[in-house]
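Presented below is the structure to which this report refers.
The values are calculated or read from the model by the stated rules, or taken from the named source; none is laboratory data. Quick caveat, the model's predicted, so the values are computed rather than measured. Ideal geometry is used to build each Cβ from the backbone, glycine not excepted, and the neighbour counts take in all protein chains shown. Just so you know, the surface numbers come from the protein's heavy atoms only, side chains and all, with ligands and any DNA or RNA stripped out. Shrake-Rupley method; radii C 1.70, N 1.55, O 1.52, S 1.80 Å.
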Amino acid sequence: MNLLTFENSVFRWYAIAAAIMIVKMMSQGWITVFRMIKVNGGFRYPEDARKGPANPRPRPDQLLPDEYVQRSRRMHENDTENIPLFLVAGLIYVCTVPGLLLAASLFSTYVLSRLAHFFVVLMALPHELRATSWTIGSVIIYFMAAAIVWDVLKY
Amino acid sequence: MNLLTFENSVFRWYAIAAAIMIVKMMSQGWITVFRMIKVNGGFRYPEDARKGPANPRPRPDQLLPDEYVQRSRRMHENDTENIPLFLVAGLIYVCTVPGLLLAASLFSTYVLSRLAHFFVVLMALPHELRATSWTIGSVIIYFMAAAIVWDVLKY
Amino acid sequence: MNLLTFENSVFRWYAIAAAIMIVKMMSQGWITVFRMIKVNGGFRYPEDARKGPANPRPRPDQLLPDEYVQRSRRMHENDTENIPLFLVAGLIYVCTVPGLLLAASLFSTYVLSRLAHFFVVLMALPHELRATSWTIGSVIIYFMAAAIVWDVLKY
């Protein structure tokens with residue numbers, strides 16, 4: 001049976017969740033760009049502090065770290081540590097033929113937990129909220145990995 | 001022929017290896033959390049040094065880099081540079097219909113090389129051991145990429 | 001219909017593009033290694049500045065950041081933020097049964113945009129060229145994500 005096809009409704013749910021996470025992570029790069037433009041600094045490449053169309057009046061302090069820009073870079077780093085794992089774990093999890101209700105709940109809860117994490121870090125809300133949203137996503141990834149191992153071992 | 005299904009024993013080996021790598025990389029985040037709690041510092045978000053349930057007695061030096069915590073962050077960064085490549089290269093490699101013995105050897109050697117790398121960095125063992133374990137994983141990824149290209153080109 | 005097989009020419013194009021991107025990202029690690037050897041510094045692990053076969057004459061300043069090495073690390077970080085998204089978005093995009101001409105154009109343009117990005121950063125060319133090459137890859141990922149969502153919703 002072919003499971004990795006849009007004829008499979010579990011895979012359709014996975015594909016939507018994956019597309020949202022891909023757009024989210026890609027957009028974090030644009031948020032960093034937006035913030036560097038806004039503060040006109042926080043650059044990391046020496047060539048960015050040279051005179052040019054995008055930087056008509058360069059200053060040496062444009063290469064100093066800027067907390068407003070660094071926050072977006074840390075959010076991006078957190079994405080790189082988490083989202084690729086969801087993308088692949090979710091894909092293989094589809095092959096365990098989970099029930100639609102369970103799979104759709106896991107995929108959508110994961111997406112919501114990451115969007116909550118994004119909002120919490122963006123707003124610099126208390127640490128406890130960031131830890132909670134990250135933990136929910138983490139538990140879902142562990143659950144899918146365990147389901148994969150379980151399904152293969154009982155095969 | 002459908003290869004990305006648990007009916008295919010090569011894919012079952014891939015799924016187990018992928019699940020172990022996903023759990024490994026996800027757990028590195030928890031190791032960083034554990035180390036931050038243990039040294040009560042090494043934080044990176046200003047809001048983490050504010051008073052709250054998780055930080056009843058905040059100190060400004062909690063935001064300074066801490067080598068014990070940084071080591072776990074570097075291990076995590078190394079995972080982000082390597083494990084997603086294995087997860088996708090391995091998946092496409094299954095489509096080249098490799099022999100079971102070869103595929104199972106590659107997948108399990110990769111997993112062992114990464115677990116060795118984890119142990120070597122955790123214990124701060126000599127550089128030569130870290131380089132060796134990383135190189136083994138790297139060669140396996142190159143091999144799978146070459147096998148994919150070769151298989152497509154001869155199609 | 002099984003789309004994730006080399007019998008599908010769109011998947012063959014995807015597999016070649018994915019293999020090239022995997023080799024590119026894996027090789028960035030080797031470039032960092034090469035640069036650390038060349039400047040005999042830019043290390044990050046305290047144990048790397050200890051005496052050993054790979055470091056017969058250690059110096060404490062080997063642990064200071066070196067811009068030549070850091071540039072390769074930032075290139076690697078940029079890869080981790082972009083390439084895994086392409087690898088998974090491209091795979092799911094194959095399931096939308098795109099026309100071969102469109103799919104092959106997207107995959108090859110993405111690869112070329114990333115190779116251009118690599119060359120531009122390696123040579124420290126003006127910021128505008130780096131921004132342009134990154135933007136092209138980014139737009140392709142957004143396009144594939146949108147095509148996935150569109151295809152699932154109309155299902």
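Label-to-label distances for B:Tyr155 across copies, nearest first, come out at 2.2, 2.3 nm, using points 7 Å from Cα in the beta-carbon direction. Taking a 32 Å limit on the Cα-Cα distance, which of the listed pairs A:Lys38/C:Lys38; A:Lys51/C:Lys38; A:Lys154/B:Lys154 fall beyond it? Long pairs (Cα-Cα over 32 Å): A:Lys38/C:Lys38; A:Lys154/B:Lys154.
Is the C-alpha gyration tensor of the protein assembly as shown telling us rounded, prolate or oblate? Criteria: a/c under 1.5 is rounded; beyond that, a/b larger than b/c is prolate, otherwise oblate. Rounded, because the longest to shortest axis ratio a/c is under 1.5. Per residue, chain B reaches -25000 deg cm²/dmol at 222 nm when only DSSP H runs of four or more residues are counted, each adding -39500 (n - 2.57). In chain B, Cα pairs under 8 Å separated by at least six residues give a relative contact order of 27 percent.
The alpha carbon centroids of segment A:29-49 and segment B:73-116 are separated by 35 Å.
Across segment B:52-137, Cα-Cα pairs more than 17 Å apart make up 60 percent of the total.
Think of each Lys and Arg Cβ as +1 and each Asp and Glu Cβ as -1; about the Cα centre, that makes the dipole of chain C roughly 480 debye.
Rounding to the nearest 20 debye, state how big the charge dipole of segment A:56-115 is about its Cα centre with +1 on each Lys and Arg Cβ and -1 on each Asp and Glu Cβ.
So the dipole magnitude of segment A:56-115 works out to roughly 140 debye.
The magnitude of the dipole of the protein assembly as shown, with charges of +1 and -1 set on the Cβ of Lys/Arg and Asp/Glu and taken from the Cα centre, is near 920 debye.
Calculated FRET efficiency, A:Arg44 and B:Asn40, Cβ-Cβ r, R0 25 Å, to nearest 0.05? According to the calculation, E is roughly 0.25.
Interface area, chains B and A: about 3200 Å² of buried accessible surface, summed, with a 1.4 Å probe and ligands, DNA and RNA left out.
Looking at segment C:89-155, the trypsin sites (Lys or Arg not before Pro) that sit in a DSSP loop and have at most 16 other Cβ atoms within 10 Å of their own Cβ are C:Lys154. Among A:Val39, B:Val94, the sequence by solvent-accessible area, most first, with a 1.4 Å probe is A:Val39, B:Val94.
Label points for C:Gly99 are taken 7 Å from Cα along Cα→Cβ. From this copy to the others they lie 4.4, 4.4 nm apart, shortest first.
With contacts taken as Cα pairs under 8 Å and at least 6 residues apart, segment B:72-155 reaches a relative contact order of 41 percent. Choose one answer from B:Asn78, B:Asn40, B:Asn55: the residue with the largest mean-square fluctuation in a GNM of chain B with alpha-carbon springs under 10 Å. Of B:Asn78, B:Asn40, B:Asn55, the most mobile in the Gaussian network model is B:Asn55. Taking a ≥ b ≥ c as the square roots of the eigenvalues of the Cα gyration tensor, an a/c ratio of 1.5 or more together with a/b larger than b/c marks segment B:1-122 as prolate. Of C:Trp134, C:Ser108, C:Pro65, which is farthest on the positive side of the dipole of segment C:59-149, counting Cα position, with +1 on Lys and Arg Cβ, -1 on Asp and Glu Cβ, and the Cα centre as origin? Of the listed residues, the answer is C:Ser108. Sorted shortest first, the distances from the A:Leu122 label point to those of the same residue in the other copies are 3.7, 3.7 nm; each point sits 7 Å from Cα along Cα-to-Cβ.
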